[in-house]
Amino acid sequence: MKKISLLILTFLCSLLMTVPVWADDTGYIRDTIGYLEAYEEETLETEAASIAEAYGYQTYFVIVDSDLENLDSHAQSLYQSVAGDANGVLLMVDVNRSQWSIYFGGAQGRSMLRLDREDFLWTSFFKELDWYMGVKSYLTTVKTRFEKPALVVDEAGLLDSQEETALLTKLNEISQRQKMDVVVLTVSSIYGSTPQEYADNYFDYNGYGQGSDHDGVLLLINMGQRDWYISTTGYGIYAITDAGLNYISDKFLNHLSSGDYALAFNTYADLVDQFVTQAKTDTPYDSDSLPKDPLSLMWLPVSGLLALVVAWLVTAILKGQLTSVQSRSDAREYMKDGSFKLTNSQDLFLYRNVSKVPRPKPSSSSSGFRGGGGSSSHRSFSGRSHGGGGGKF
Amino acid sequence: MAETIEYKCPNCSGAIAFDSSIQKMRCPYCDSELEMESLKKLDEALTELPVSQDLTWDQSQANQWQAEEADQMRVYACESCGGQLITDETTVATSCPYCDNPVVLKERLAGDLKPRFVLPFKLDKQAAKEALNKHLLGKRLLPKVFKDQNHIDEVKGIYVPFWLFDADVAADGKYAATMVRTWSDAHYNYTETNHYSLLRSATMTYERVPVDGSSKLDDRLMQSLEPFDFKGAVDFQTAYLAGYLADRYDQSADISLEQANQRIRQSTENRLANTVQGYGNVRKEDGSIRLNNGEPIYVLYPVWLLNTSWQKKKYTFAMNGQTGKFVGDLPLDRTAYWTYFLSIFLVMTLLIYGLVWLFYWMM
């Protein structure tokens, strides 16, 4: 019985090896090996076609065998044979994802994308573990070079359309005025990556960021693990310090936790706006110069109570001026000067008690430093510098 | 019918009285001044003279007083005008209601009733009135109209009878006390409480503790006037009373002694407890105070009494006739009180809130 099943399995395997899969080798996405399912390939094909139609830019993706040598010339000849001198790009990757080549075709194939790094499209693909996701990311990256996506991406569906429109209007206004993109992104899963990676990559590979330093701030909400993460880039790193980030998150986290997402995002947007303004006009808010909340109204009754005591004391003194008749209970002014003689004075020690209580552990707070903590930053997959921080809600 | 003394001016026979500003007798009519010393001599000579029979009075015919009241009433005749003086039992010196001449009732100063010392008035009636005006100054809660509307009904210079007690005191005290020491090492905070028993013994002397011997005067009022400086006292002479009112004591030394003991005990206890120092949480466990009282001394101390009325209420003020210390409770202006209270409350609330606000933003 066991032998038979093994036999069948072997047969099936050999069938897989020899019979070419349903993959085609035409169109924008060429997968001769069959890493992509047919419907996946179809989706990607449509996407690439829409880019070509909308922006006149050809986007090719080719998977080739690993034994192919000189990928570069191969990519060039392939592009020229299928697209001629049309503007476009071709990314060729071998099956092991160990070798790759990118070729920009046409006169403006390279300049139209305005890439600051040669391997940007490759990393966009390579950062995903899955072939389909990788190609999708590659296409999105190309697409967003032509058209910046919306500043609110509500994939998790946390906002109703009215809230989303209002938030989008606000973010657009802020982004335009402050010359930096303020983004809100909600997702239901981040596919096994860390919130930091996901937020950084989403920002980088979706064309966010203004100016040469890609100034911007992105708030990621992952409903799957209830993560939040703020990724800062360019001027955002400077404007939003580590201490500032804690301050901002303190303000919106309770709204987030209680499910009032629209309020949380608006709070975030307003605070980022305030922080950037501060950074532009003065030095950024930092651990020693965070914006202050208005003084708690709790102080009003407290000072009222203190004032009550003072008022009572003063009036008691004034009232006391009216009273000058009082009886005397002692006769100290009649004691004859120098007549007091201490004839016996003994201090007898009886016993002693010693009690001990454990000392409270010194709190290891290193937050005592002054002078500003500044912003810490790290390098993302694309090679850009990001700042930020996050947590759970 | 007992005799009265009226000091006559040897120059013009006018009635003379003690003048506190010159500390002598002065004749208001001819401005003659008489030394107290010479009057003393005159006094002694006077007592040897027989009593004038003309001044006897048949009390039974004119007796319209209740028996009880009559006990307290005495009828005297004024030496100047022959007018009838009715005084109560304790009056020693007064003035004739008809001719306003000062009168001293000598019989009330005889034997036991004779004071040993008298502290002569140093301040006169005018000083008392000025002191009252000064007393009303700077009292923010005093009704504004009180100063203008209150009028002095009478100003009386009174020699108040006082008993003075000397006492030698021996006192013992036992106290339980603790001393606390705290320190800490790496893991614990330590509190060490040392318990002690403290023994203290002391002796001291009190001199001339005064107790008001007149039941007519408020004890509290008299105590508020303390202290009188006994150094100013002189041997008693009736002449000092001329021109003033005076009462003899109606509260015996025995009764007064209790009050003196009370006060001596209290200050002895305080003084002894003061010797315990450097301890935290001292508790008295036991104590004994033994007083050895000397003989009480009967003296007259000078007091100005001012009675005023305002809005049908009487206010009594008193001034120490020696030192000028002025006491007397004053009415409270309720509206002013609450105005002050509320305005201070509001201003302070804003001030404190403002300060907190300022501090908060400076941080």
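The values are calculated or read from the model by the stated rules, or taken from the named source; none is laboratory data. Owing to the predicted nature of the structure, the values given are computational and were not obtained by experimental measurement. Please note: Cβ atoms are built from the backbone with ideal geometry, for glycine as well, and neighbour counts cover all protein chains shown. Protein only, heavy atoms only, side chains kept; ligands, DNA and RNA dropped before computing areas. Shrake-Rupley method; radii C 1.70, N 1.55, O 1.52, S 1.80 Å.
Quick check: anything in the range B:331-347 away from every other protein chain (no Cβ under 12 Å), open to solvent by 30 Å² or more (accessible area, probe 1.4 Å), under 23 Å from the mean Cα position of the chain (by Cα) and not aromatic (Phe, Trp, Tyr)?
Checked against the condition, which is being away from every other protein chain (no Cβ under 12 Å), open to solvent by 30 Å² or more (accessible area, probe 1.4 Å), under 23 Å from the mean Cα position of the chain (by Cα) and not aromatic (Phe, Trp, Tyr), the range B:331-347 yields no hits at all.
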Check your understanding: Can you tell me how many residues in the range A:125-150 are open to solvent by less than 10 Å² (accessible area, probe 1.4 Å) and closer than 28 Å to A:Tyr268 by Cα?
Key -> 1
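Kindly check whether there is at least one residue in the range B:171-193 that is within 30 Å of B:Val299 (Cβ to Cβ), more than 8 Å from every other protein chain (Cβ to nearest Cβ), open to solvent by less than 60 Å² (accessible area, probe 1.4 Å) and of a type outside the set (S, T, N, Q).
Yes, the range B:171-193 has at least one match.
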Practice item. Determine if the range B:158-174 includes at least one residue that is in contact with a helix residue (DSSP H, G or I) (Cβ under 9 Å, 6 or more places away or on another chain) and among the basic types (Lys, Arg). Key: no
Practice item. Tally the residues that are under 18 Å from A:Met335 (Cα atoms) and open to solvent by 20 Å² or more (accessible area, probe 1.4 Å), restricting the search to the range B:233-260. Key: 3
Revision key, fill the gap. Filter the range A:378-393 for residues that are open to solvent by 30 Å² or more (accessible area, probe 1.4 Å) and modelled with pLDDT of 85 or more; the one that is nearest to A:Asp215 (Cα to Cα) is A:Ser385
Check your understanding: Is it fair to say A:Ala75 is aliphatic (A, V, I, L, M), surrounded by fewer than 18 Cβ atoms within 10 Å (Cβ to Cβ) and part of a helix (DSSP H, G or I)?
Key -> no
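Given the residues A:Leu253, A:Leu297, which is the only one that is within 14 Å of chain B (Cβ to nearest Cβ) and either at pLDDT 90 or above or surrounded by fewer than 19 Cβ atoms within 10 Å (Cβ to Cβ) (or both)?
A:Leu297
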Check your understanding: Taking the condition at pLDDT 85 or above and either within 7 Å of chain B (Cβ to nearest Cβ) or assigned to a helix (DSSP H, G or I) (or both), does A:Gly304 pass?
Key -> yes
Practice item. Identify all residues within the range A:305-342 that are open to solvent by less than 90 Å² (accessible area, probe 1.4 Å) and either closer than 30 Å to B:Thr178 by Cβ or in contact (Cβ under 8 Å) with a residue 40 or more places away in the chain (or both); write none if there are none. Key: A:Ser329, A:Asp330, A:Met335, A:Phe340, A:Leu342
Practice item. Starting from residues that are in a strand (DSSP E or B) and open to solvent by 90 Å² or more (accessible area, probe 1.4 Å), keep the ones in the range B:263-284 and report whichever is nearest to A:Ser329 (Cα to Cα). Key: B:Lys284
Review point. Any residue in the range A:264-286 that is more than 10 Å from chain B (Cβ to nearest Cβ), touching a helix residue (DSSP H, G or I) at 6+ places or on another chain (Cβ under 7 Å), hydrophobic (A, V, I, L, M, F, W, C) and over 25 Å from A:Glu163 (Cα atoms)?
Key: yes
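Let me confirm something: among B:Phe162, B:Phe146, which residue is open to solvent by less than 10 Å² (accessible area, probe 1.4 Å), more than 18 Å from the chain's Cα centre (by Cα), within 14 Å of chain A (Cβ to nearest Cβ) and of a type outside the set (Val, Ile, Thr)? Can you show your working first?
Details: B:Phe162 fails: more than 18 Å from the chain's Cα centre (by Cα).
When all the criteria are applied, what remains is B:Phe146.
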Exercise for review: Determine which member of the set B:Ser215, B:Ser224 is in a loop (DSSP other than H, G, I, E, B) and of a type in the set (S, T, N, Q).
Suggested key: B:Ser215
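From the list B:Tyr244, B:Tyr279, which one is in contact (Cβ under 8 Å) with a residue 60 or more places away in the chain and more than 13 Å from chain A (Cβ to nearest Cβ)?
The unique qualifying residue is B:Tyr244.
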Practice item. Examine the range A:193-212 for a residue that is at pLDDT 90 or above, aliphatic (A, V, I, L, M) and either open to solvent by 20 Å² or more (accessible area, probe 1.4 Å) or assigned to a helix (DSSP H, G or I) (or both), and state whether such a residue exists. Key: yes
**Study point:** Yes/no for A:Lys319 being facing chain B (nearest Cβ under 7 Å) and in a helix (DSSP H, G or I)
**Key:** yes
Check your understanding: B:Val211 passes all but one of (1) touching a Phe, Trp or Tyr at 6+ places or on another chain (Cβ under 8 Å); (2) closer than 26 Å to B:Leu291 by Cα; (3) facing chain A (nearest Cβ under 7 Å); which number fails?
Key -> (3)
